[in-house]
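Heads up: the structure comes next, in structure tokens.
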Amino acid sequence: MNGIPPLFRQPLAIALLLIAVLLVLGEQLSPGFASMQQILRLLIVAALLGIVAAGQNLVILGGREGIDLSVGGIISLSAIIAGNLMNGADAGIPLAIAGCIVAGAFFGLLNGLGVTLLRIPPLVMTLGMLGVLQGLLVVIRNGIPSGRAAPVLSQFVTQPVLFGLPGIIWLWIAVGLLMAFLLRRTVFGQRIYAIGSNEHAAIMAGVPAARIRILLFVLSGVFAAIAGICLLGYSGSSFANVGEQYMLPSIIAVVFGGTSLAGGKGGYTGTMAGAVMLVVLQSILTTINIEESGRQMIFGATLLVLMLFYGRGRAMRT
Amino acid sequence: MMARILARYPFLPALVIALVLLALNGLYQPRSVSLIGLTGLTKTYLALMLLAIAQTYVVYAGDIDLSVGAIVSLVNVVLVVLMERWGGGGVSIFAAMAAGLLVGLACGLINGLVVAALRLQAIVATFATSIFFTGVALWVLPVAGLPAPTAFWRTYGGRFFEVPFVFYAVLLLALVLYLMARLRLTTQLLAVGDDAQSAFQSGLPVTAIRIKGYALCGLFAALAAFCITGDTASGDPLVGGKMTLFSVAAVVLGGAALSGGFGTVVGSVFGALIIGLINSLVYFVGTPSEWQNLVQGLAILIALMAGILVGRRTRR
């Protein structure tokens, strides 16, 4: 890769370039693919993924093999809680938002406590939590109907609210600004990078590593809960395990954004581009007229090829 | 004293938990510890045991394989489709099984190449290959439901000299695992997982060893697919999807460290058994059906945490 100009070794630049290429390719394959309306639709889906990926990004940046596999369960849980608390009425929205955020924060807190106090590896802790959440969903679904989105919420997610952009895109932009501010301008952000790159040194320097790591998991739960509410608005009603499909893609979006799974290196701007890229790629595959099997094969192979551009491990040297 | 025994036999906590769960199963449902009950348990969970073994070999080296479930699905459909196409007789069954093993091996080699040779991050790379393998499985058999030949599942569920077939399978598996534990590759995988850099510096071909670990994983995933096919008696391109995360949980329950360098395949087998016994116990104690998943999930989470805490005590 040494012949490539430095600019194009930047993950963000690679992702933006690939998005442009994919959009042109999509337009060639099916005219209208890159129309303003289509792009807006893609951005709505990307925003859902991107909001989940924000929390995932924080947990991964915090290092010590940070990863959150429970986000899929929290999204599904949040969608069903929101659906029931609002049940089609606008008046229920504030309560629904509050309830979902509390639930997301609660499960994130449990993850964080397990990872820090008991020192359970994040992969194991969040995997176990995913099993608990899936069980909880079965219980809830048996007791109560799935619930419906309030009209204002659906409007917020799918209809333009300001300058022709749907509310969820504005929300995503706000999340992006918040993350950029948090990671670059606050002590908290600096400390995330510090514990992510060298936890021991950070603790020696007086950084409360455990408290920060717990907060990262709480934030991941909250972001997943917000995504769950938006997902309810997007689809109108919640259904079984809607969130599952976001679990591993949220990790891939972070990787495509140039954040290393080893922690301590990366940011959210790239992740946003990574989320858009994933969604555009998936969308192109649905426009091609081939069978589902071929689509999946191409998707898997393309992901592998794209990964070659990002953070490959170092070769062994003596 | 206790710590030294545990360090030598890291699977002991898993064995104890499994035995306690088995006793509890027997307490709430005496028939579950009868020959028929144990046969049923083995028949259902032999696939997960094999998949946990598969996962263990990559975890040894500090890697992970999130595509094992997809490999199970792919081998399952290849096996069923080939058996049907080649007539369903004795020879065709063995030929199809040989083909299934080759498919599993090929999948493992692909994983090994992308993770070890191309140096992609194991979690995301094997997720990508799992999408690819699922695509191939859907291409081989687009919809679930093609039945396996009667001879195949009758054998798997049948008896020879009054002893159920699955017990012979377990015995054979135990022998294979015993021999595998003595292979140089097992030690090499553990050495790479313990410290890849120093393994490399002491002259071990780290990349080749990791690829072999994934290849072994693919082979055992194929064996797991044989058991699934024997148990469900049909082909389903998505049958293994749910098993991936359970295989990781089983490995952790068995006392292996996900960071590599420590663990036993025997422990992973007990880990898979623990998951199976928790599932049946939750049913036997009369948990209302809608609560079963939650109780299972909680029990598995607690067992995972307990296993890690006990394991850490002993390794210090």
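The values are calculated or read from the model by the stated rules, or taken from the named source; none is laboratory data. Values in this document were obtained by computation on a predicted structure and should not be read as measured data. So basically every Cβ, Gly included, is an ideal-geometry build from the backbone, and we count neighbours across all protein chains shown.
A few comments on the model shown:
- Qualifying residue in the stretch A:137-155 (condition: touching a Phe, Trp or Tyr at 6+ places or on another chain (Cβ under 7 Å) and not basic (Lys, Arg)): yes
- Residue within the stretch A:17-25 that is touching an Asp or Glu at 6+ places or on another chain (Cβ under 9 Å) and buried (at least 18 other Cβ atoms within 10 Å of the Cβ) present: no
- Among the residues making up the stretch A:116-131, those that are surrounded by 16 or more Cβ atoms within 10 Å (Cβ to Cβ), touching a residue at least 24 places away in the same chain (Cβ under 8 Å) and more than 20 Å from the chain's Cα centre (by Cα) are A:116, A:121.
- Test set (1) out of contact with any strand residue (DSSP E or B) (no Cβ under 9 Å at 6 or more places or on another chain); (2) surrounded by fewer than 17 Cβ atoms within 10 Å (Cβ to Cβ) - residue B:173 fails condition number: (2)
- Checking each residue in the stretch A:38-66 for being surrounded by fewer than 21 Cβ atoms within 10 Å (Cβ to Cβ) and within 14 Å of another protein chain (Cβ to nearest Cβ) picks out A:64, A:65.
- Test: residue A:203 is aliphatic (A, V, I, L, M), surrounded by 24 or more Cβ atoms within 10 Å (Cβ to Cβ), part of a helix (DSSP H, G or I) and out of contact with any Ser or Thr (no Cβ under 8 Å at 6 or more places or on another chain): no
- Condition met for residue B:182 (buried (at least 16 other Cβ atoms within 10 Å of the Cβ) and basic (Lys, Arg)): no
- Qualifying positions in the stretch A:164-200 - among the hydrophobic types (A, V, I, L, M, F, W, C), surrounded by 13 or more Cβ atoms within 10 Å (Cβ to Cβ) and closer than 21 Å to residue A:49 by Cα: A:165, A:168, A:169, A:170, A:171, A:172, A:173, A:175, A:179, A:180, A:182, A:183
- Restricting attention to the stretch B:95-127, the residues being without any contact (Cβ under 8 Å) to a residue 12 or more places away in the chain and within 13 Å of chain A (Cβ to nearest Cβ) number 5.
- The single residue among A:314, A:295 that is over 22 Å from the mean Cα position of the chain (by Cα), within 12 Å of chain B (Cβ to nearest Cβ), part of a loop (DSSP other than H, G, I, E, B) and charged (D, E, K, R) turns out to be A:314.
- Restricted to the stretch B:209-316, the set of helices (runs of 4 or more DSSP H) holding at least 2 residues that are without any contact (Cβ under 8 Å) to a residue 12 or more places away in the chain and either more than 11 Å from chain A (Cβ to nearest Cβ) or more than 14 Å from residue B:60 (Cα to Cα) (or both) comprises B:289-315.
- Residue within the stretch B:133-146 that is more than 14 Å from chain A (Cβ to nearest Cβ) and more than 21 Å from the chain's Cα centre (by Cα) present: yes
- Unique match (being more than 10 Å from every other protein chain (Cβ to nearest Cβ), under 19 Å from the mean Cα position of the chain (by Cα) and surrounded by fewer than 24 Cβ atoms within 10 Å (Cβ to Cβ)) among A:103, A:98, A:89: A:103
- Residues satisfying the stated conditions in the stretch B:209-236, i.e. crowded, with 24+ Cβ neighbours inside 10 Å and at pLDDT below 90: B:235
- Search result, residues across the stretch A:256-274 that are more than 14 Å from chain B (Cβ to nearest Cβ) and in a helix (DSSP H, G or I): A:268, A:269, A:270, A:272, A:273
- Verdict on residue A:233 being within 23 Å of residue A:81 (Cα to Cα), part of a helix (DSSP H, G or I), away from chain B (no Cβ under 12 Å) and of a type in the set (Gly, Ala, Ser): yes
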